[in-house]
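Notes follow the structure.
Just so you know, all these numbers are worked out from the coordinates, no wet-lab data involved. None of the values given here were measured: they were computed from a predicted structure.
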């Protein structure tokens, strides 16, 4: 950190995602053995209103496309298990 509070190498960058780790909603639903509609329901912010301790399912948005990182979903499952 410099005296002005900025990181000397600039802002932090997002961690790169391995393309083979990315799943479509259909692929994720198949892997978790749930309906595709359940996947999208879990991505909505209003899910947090229904379940205050639960955070929405993490997504990667690329324009109109939505993808899911299997490693991020696995972590989400561990933290949101009831």
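Evaluate the relative contact order of the stretch 20-79 (contact order divided by residue number), counting alpha-carbon pairs under 8 angstrom at least 6 apart; express in whole percent.
After rounding, I find 35 percent.
Counting 0.36 nm for each residue step from residue 40 to residue 61 and taking away their Cα separation leaves a gain of 6.3 nm.
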